[in-house]
Amino acid sequence: YPDGKLWAHYSYDSNTKKQVDEGFDEKGKPIPGFIYLKEAEFPGGKNGWIAYLGENIKTKVPVKKGAPKGTYQVIIRFIVDKDGKIASIEPETSIGYGMEEEVIRVIKKSPRWSPLILLGKQENAFRRQPITFVVEEK
């Protein structure tokens, strides 16, 4: 705080593998349930996100759009906002053949995430999602 009082403290004990998050109000009293840092998370965590993408991306889109044989990696960036909603979805690549559009379609329909918590407050989290499409000869 501006008056020099401690606002937050984080430590990690490698022996017990436990983290300690502490937050304090302006009077120096502990804030119950304070979270120093918790990354934005898809329901089911990283494995849930991978499963969601795998189940929903139509992998044949580039084939149907005439993409030549090859391996293509598209990258889409997006924000998980303070409410856990997906926002500002933008492609970083422009390979074409419907690949970026397909990944954007799936990310747009994503269920709500748990938002990023930083120093006890919900914040926007910025994400980059690479997806690889493989087009093979028949």
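Using C-alpha pairs under 8 Å with a sequence gap of at least 6, the mean separation divided by the residue count of the range 34-138 gives a relative contact order of 41 percent. The length gained by stretching the chain between Lys109 and Arg77 to full extension, at 0.36 nm per residue less their Cα-Cα distance, is 10.0 nm. In a reduced charge model with +1 at each Lys and Arg Cβ and -1 at each Asp and Glu Cβ, the chain shows a dipole moment near 480 debye about its Cα centre. Normalised by the number of residues in the range 3-48, the average gap of Cα pairs under 8 Å and 6 or more apart makes the relative contact order 29 percent. For the chain, the calculated P(r), taken from all Cα-Cα distances in 5 Å bins from zero up to the bin holding the longest distance, is 2, 9, 15, 15, 13, 11, 9, 8, 6, 5, 3, 2, 1, 0, 0 percent. Summarising the amide proton neighbourhood of Leu37: residues at separation of 5 or more, or on other chains, whose placed amide H is nearer than 5 Å comprise Leu119.
Pull up the cross-link candidates among the lysines for Lys58, meaning alpha carbon to alpha carbon under 19 Å and not fewer than 8 places away within one chain. Qualifying lysines at Cα under 19 Å: Lys69, Lys108, Lys109, Lys138. Roughly how tilted is helix 99-108, in degrees to the nearest 10 and between 0 and 90, from the longest Cα axis of the chain? Approximately 40 degrees, to the nearest 10.
Considering all C-alpha pairs of the range 30-79, those separated by over 12 Å amount to 79%.
The angle between the Cα long axis of helix 45-56 and the main principal axis of the chain comes to about 20°, on a 0 to 90 degree scale. Helix-only arithmetic for the chain: the sum of -39500 (n - 2.57) across DSSP H runs with n ≥ 4, divided by the residue total, places the mean residue ellipticity at 222 nm at -5000 deg cm²/dmol. Note on Thr59/Ile31: beta-carbon distance plugged into 1/(1 + (r/R0)^6) with R0 of 35 Å gives a FRET efficiency of 0.15. Placing unit charges on each Cβ (+1 for Lys and Arg, -1 for Asp and Glu) gives the chain a dipole about its Cα centre, and among Phe34, Ile131, Leu119 the Cα reaching farthest toward its positive end belongs to Ile131.
How big is the dipole moment of the range 24-91 about its Cα centre under a simple scheme where the beta carbon of each Lys and Arg is +1, that of each Asp and Glu is -1, and everything else is neutral? Debye, nearest 20, please. Value, rounded to 20: 480 debye. Among Asp13, Asp81, Asp21, the residue with the largest mean-square fluctuation in a Gaussian network model of the chain, with springs joining Cα atoms closer than 10 Å, is Asp13.
No lab work stands behind these numbers, since they all come straight from the coordinates. In this text the structure is predicted, and so the values were computed from the model without any measurement. Note: ideal-geometry Cβ built from the backbone for every residue, glycine included; neighbour counts use all protein chains shown.
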